[in-house]
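Novice: Let me begin by handing over the structure; questions about it come next.
The values are calculated or read from the model by the stated rules, or taken from the named source; none is laboratory data. Keep in mind that what you see is a predicted model, and the values were worked out from it rather than measured. Note: ideal-geometry Cβ built from the backbone for every residue, glycine included; neighbour counts use all protein chains shown.
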Amino acid sequence: MLDAIMLGLGFAGGLIYLAAYFSLTRGWIGGTSYLFHGTSVVSCVMIAASSAYSEAWPSAVMNVVFIVIGGVFMARKAIAESTTCPSTVVDASELTFQPDADELTAAA
């Protein structure tokens, strides 16, 4: 029973990665998106687990490498995004009051 589950896990991981790669090549998702790398990491975890269970060590090790690469990329991207100011943030010292003459006349 466990053999069938692990085999299914490997196939499901492969299909998930195939869907992510197809979406990337079609331009539906970006190559630097969390969606692509997250999907890649999840699928590689599934494939690595299946490969390790089957004692297919080269495949298991390579998938662990891909997990590390995707995880490091997403961590670095998250850190970079958290340390940069969004373009919508304005320094308060740069703000000026610009009244609309029509509104001021209407309010009077």
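Novice: If you check Phe73 against the conditions, is it out of contact with any His (no Cβ under 6 Å at 6 or more places or on another chain), modelled with pLDDT of 95 or more and aromatic (Phe, Trp, Tyr)? Outline the logic, then answer.
Specialist: Working: out of contact with any His (no Cβ under 6 Å at 6 or more places or on another chain): no; modelled with pLDDT of 95 or more: yes; aromatic (Phe, Trp, Tyr): yes.
For Phe73, the condition - out of contact with any His (no Cβ under 6 Å at 6 or more places or on another chain), modelled with pLDDT of 95 or more and aromatic (Phe, Trp, Tyr) - is not met.
Novice: Another question, then. Please go through the range 6-27 and pick out each residue that is of a type outside the set (D, E, K, R) and surrounded by fewer than 12 Cβ atoms within 10 Å (Cβ to Cβ). Even if it seems obvious, please write down each step before you answer.
Specialist: Here is the first cut: in the range 6-27, the ones of a type outside the set (D, E, K, R) are 6-25, 27.
Those that are of a type outside the set (D, E, K, R) and surrounded by fewer than 12 Cβ atoms within 10 Å (Cβ to Cβ): Leu18, Phe22, Thr25, Gly27.
Novice: Here's a follow-up. Just to be sure I understand the filter: pairs with C-beta atoms under 7 Å, separated by 6 or more residues or on different chains, first member in the range 1-12 and over 11 Å from Ser54 (Cα atoms), second member modelled with pLDDT of 95 or more and not basic (Lys, Arg). Which pairs pass?
Specialist: As it stands, the answer is Leu9/Met46; Leu9/Ala49; Leu9/Ser50; Ala12/Met46, since those pairs meet every condition given.
Novice: Can you give me the number of residues within the range 50-64 that are touching a residue at least 12 places away in the same chain (Cβ under 8 Å) and either basic (Lys, Arg) or not in a helix (DSSP H, G or I) (or both)?
Specialist: Going through the range 50-64 one residue at a time, the tally reaches 1.
Novice: Being assigned to a helix (DSSP H, G or I), over 14 Å from the mean Cα position of the chain (by Cα) and not basic (Lys, Arg) narrows it down to one of Ile67, Ile79, Ile47, so name that one. Don't jump to the end; show me each part of the working.
Specialist: Values: Ile67 fails: over 14 Å from the mean Cα position of the chain (by Cα); Ile79 fails: over 14 Å from the mean Cα position of the chain (by Cα).
Exactly one of Ile67, Ile79, Ile47 is assigned to a helix (DSSP H, G or I), over 14 Å from the mean Cα position of the chain (by Cα) and not basic (Lys, Arg), namely Ile47.
Novice: Can you tell me how many residues within the range 16-34 are assigned to a helix (DSSP H, G or I), out of contact with any helix residue (DSSP H, G or I) (no Cβ under 8 Å at 6 or more places or on another chain) and among the hydrophobic types (A, V, I, L, M, F, W, C)?
Specialist: Quick first cut of the range 16-34, residues assigned to a helix (DSSP H, G or I) only: 16-26, 34.
Now restrict to residues that are out of contact with any helix residue (DSSP H, G or I) (no Cβ under 8 Å at 6 or more places or on another chain): 18, 21-22, 25-26.
With the extra rule that they be among the hydrophobic types (A, V, I, L, M, F, W, C), the set shrinks to 18, 22.
Going through the range 16-34 one residue at a time, the tally reaches 2.
Novice: What number of residues within the range 31-54 satisfy the criterion of being loosely packed, with under 12 Cβ neighbours inside 10 Å and at pLDDT 95 or above?
Specialist: Initial filter on the range 31-54 (loosely packed, with under 12 Cβ neighbours inside 10 Å): 31-32.
Still in the running and at pLDDT 95 or above: none.
Summing the residues that are loosely packed, with under 12 Cβ neighbours inside 10 Å and at pLDDT 95 or above in the range 31-54 gives 0.
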